[in-house]
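Following: one structure in structure tokens, then a few remarks.
The values are calculated or read from the model by the stated rules, or taken from the named source; none is laboratory data. On a predicted model such as this, the values are computed, not experimentally measured, just so you know. No Cβ is skipped: glycine too gets one built from the backbone with ideal geometry, and neighbour counts run over all protein chains shown.
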Amino acid sequence: MKINKDSLKRRSSAAAKHVPADVVIKNGRIVDVFTLTTFEADVAITDGVIVGIGQYEGKKVIDASNQYICPGLIDGHVHIESAMVTPHEFAKVVLPHGVTTIIADPHEIGNVAGAVGIQYMINHSKNNPLTIYYMLPSCVPATSFENSGAVLTAEDLAPFYESELVLGLGEVMDYPSVFHFRDEMMNKIVDAMARDVCIDGHAAGVNPDGINVYMISGIRTDHECVNAEEVTERLQRGMYVMLREGSAARDMKQLLTAVNEKNARRCLFVTDDKHLDDLVAEGSVDYNVKLAIQEGIHPLLAIQMATLNAAECFGLKHKGAIAPSYDADFLLLDSLDDMSIHSVYKSGQLVAEKGECLPFSEDTPLIPSRLTNSVQIGNLVEKDLQIKLTAEVANIIEIIPNNLVTKRCFERITVENGLFQPSILDDQLKLVVVERHHQTGNIGMGIVKGFGISSGAMASTVAHDSHNIVAVGTNDADLFVAIKEIEKMNGGLVVVNNGNVIASLPLQIAGLISGKEYKTIYNELKNINAALTQIGFSGTFNPFLTLSFLSLPVIPEIKITDLGLFDVEKFKHIGLQEFE
């Protein structure tokens, strides 16, 4: 609720005890994120805002006996599209996990549908019990070395800053454009700086000198650290470090070795990209908090990182604490040591308890046709998937389980009649990226190892960040069937074996999001996972999530786009048999 004289008088009267508060929480211990202590006192709430701490009377009383009153958790960087659900369904998933505020970056749907996609996400985030703020996509396309569905300029982004849900400019992942002062990136950064809004970073593989350049450019956060040294380098230069634990990138344990009571105030938790099945099974940033506690971080310090630190990072002056003038977003915890959540409140109202989100009124904004007709690949035939080679050695992308970074390696391969032959024995599979936005006919070809499947193929339109069709398989026939099924579904995930589609998950909204209820999607994901075992997958990582990041040409060492293999270190495309 926006403040005016009447609301200020109403809140102040309750704070001064001239009138009863709307709600008073009694008998609980307050988690004080300012002093990292707990103490017992009443919490008075009026108009969904905390108006006092002490002894209060209220029209409604919440008994928090033997419980802790904890600020609602904040996810500092998340892509809702990675959960493959709408914003309303996302709320149903994360609210029971104590997450009451998220800062989302819609660059996935932005790369597919530009401003239309961003507006859809904002429209669908209103009247939602989960507070959803947005950072505007800064890199659409992510680089100039691929074809995405849209281009977003500074002029395209400017009108969105007028929305109260927009906090700033999203992760700047095109470091070379910053380093070399390219005009369009400079326009976006200068526009954001002139508005005095936040700018997020994406400093994968960027050295300390590069962090200096980022800081001078107003970029104050990074969620791409993969080791303790990188955490320290960024903290020393004044950055906020986002400690990430998602589905593909599980960096928390290593990063936490750099965190202590002296520097933790500049650290916060994020999930970045987390699939629906992992959100349901593990949770959101509550999982990060639990993991931090298990790794020796004091529970109150871990909670501070997930609340006050995140709020301060983004200038959310009324989020992240149990104190007067702060929004009444809070959790009742049965235990601090294991973050056992009893119930979740938003603006003083119960929104989740016993692991379930309470029903709420949902808006159903229209879905633009731009989002429901997003797979256009032209006349593809199976022969187009052949890889012609002249020698029996090639560059290979080697995946690292549960990591976004890949290795570039050189191996002997099987070539018959001038064509690459996948090898199950050597775990050398065919990897293709098919452009799906403009019918260019582009097909990027590569070889990947690490998936360990023994038959069939898998394909997806979730392919960061341009979201073309990415597919991996043991033979061309199954690859072709998988890609054509993706076209037929107008986007989604598919598993094929012996020419048959054995599992699929349609994602009708931009090829990224399903319009179904999250529990239905969750069951379809279980079918996908079961199908993966049928084609031989037995790894301890999420193969579809790993596949989706093989097309992101801003994370080392080697990736693939619709234009071919991409050397991230040299920031250029290379041939399959180019070895210098």
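Observations on the model:
- Within the range 428-459, considering residues that are out of contact with any Lys or Arg (no Cβ under 6 Å at 6 or more places or on another chain) and over 24 Å from residue 147 (Cβ atoms), the one surrounded by the most Cβ atoms within 10 Å (Cβ to Cβ): 456
- Of all residues in the range 165-178 being in a loop (DSSP other than H, G, I, E, B) and modelled with pLDDT under 95, the one that is surrounded by the fewest Cβ atoms within 10 Å (Cβ to Cβ): 174
- Entirely in the range 320-367, the strands (runs of 3 or more DSSP E) that have 3 or more residues that are in contact with a His (Cβ under 7 Å, 6 or more places away or on another chain): 330-335
- The single condition among (1) in contact (Cβ under 8 Å) with a residue 60 or more places away in the chain; (2) under 27 Å from residue 575 (Cα atoms) that residue 507 does not satisfy is (2).
- Verdict on residue 213 being β-branched (Val, Ile, Thr), out of contact with any Cys (no Cβ under 6 Å at 6 or more places or on another chain) and farther than 22 Å from residue 301 by Cβ: yes
- Tabulated pairs, the range 235-253, first on the phi > 0 side of the Ramachandran plot, second assigned to a helix (DSSP H, G or I), C-beta under 9 angstrom, 6+ apart or interchain: 238/215; 238/266
- The criterion of at least 3 residues that are over 23 Å from residue 304 (Cα atoms) is met by the following helices (runs of 4 or more DSSP H) wholly inside the range 179-266: 183-194, 208-216.
- Of the criteria (1) of a type in the set (A, V, I, L, M, F, W, C); (2) surrounded by fewer than 24 Cβ atoms within 10 Å (Cβ to Cβ); (3) outside the structural domain of residue 103 (by TED's automatic domain parsing); (4) over 30 Å from residue 7 (Cα atoms), which one residue 302 fails: (2)
- Qualifying residue in the range 511-531 (condition: among the polar types (S, T, N, Q), outside the structural domain of residue 248 (by TED's automatic domain parsing) and more than 25 Å from the chain's Cα centre (by Cα)): no
- Lone qualifier among 62, 102 - being closer than 22 Å to residue 339 by Cβ, surrounded by fewer than 23 Cβ atoms within 10 Å (Cβ to Cβ), not assigned by TED's automatic domain parsing to the domain that holds residue 518 and not small (Gly, Ala, Ser): 62
- Selection status of residue 537, within 17 Å of residue 434 (Cβ to Cβ) and either among the acidic types (Asp, Glu) or modelled with pLDDT of 95 or more (or both): no
- Yes/no for residue 310 being under 26 Å from residue 87 (Cα atoms), modelled with pLDDT of 95 or more and assigned to a helix (DSSP H, G or I): yes
- When residue 175 is tested against (1) farther than 27 Å from residue 570 by Cβ; (2) in contact with a Gly (Cβ under 9 Å, 6 or more places away or on another chain), exactly one condition is not met: (1).
- Against the criterion of being of a type in the set (A, V, I, L, M) and in contact with a Cys (Cβ under 9 Å, 6 or more places away or on another chain), residue 197 does not qualify.
- Pair list, Cβ < 7 Å and 6+ apart or interchain, from the range 1-12 residues that are surrounded by 14 or more Cβ atoms within 10 Å (Cβ to Cβ) to residues that are assigned to a loop (DSSP other than H, G, I, E, B): 7/1; 7/47; 10/47; 11/47
- Of all residues in the range 523-568 being hydroxyl-bearing (Ser, Thr, Tyr) and in contact with a Pro (Cβ under 7 Å, 6 or more places away or on another chain), the one that is nearest to residue 148 (Cα to Cα): 561
- For the range 133-157, a residue qualifies if it is touching a Lys or Arg at 6+ places or on another chain (Cβ under 9 Å) and closer than 19 Å to residue 367 by Cα, and exactly one does: 149.
- Restricting 560, 555 to residues that are touching a residue at least 60 places away in the same chain (Cβ under 8 Å) and over 23 Å from residue 374 (Cα atoms) narrows the list to 555.
- Which listed residue, of 266, 234, 250, 220, is surrounded by 23 or more Cβ atoms within 10 Å (Cβ to Cβ) and basic (Lys, Arg): 234
- Matching residues in the range 478-535 - criterion: being assigned to a helix (DSSP H, G or I) and of a type in the set (Val, Ile, Thr): 481, 483, 486, 520, 521, 528, 533
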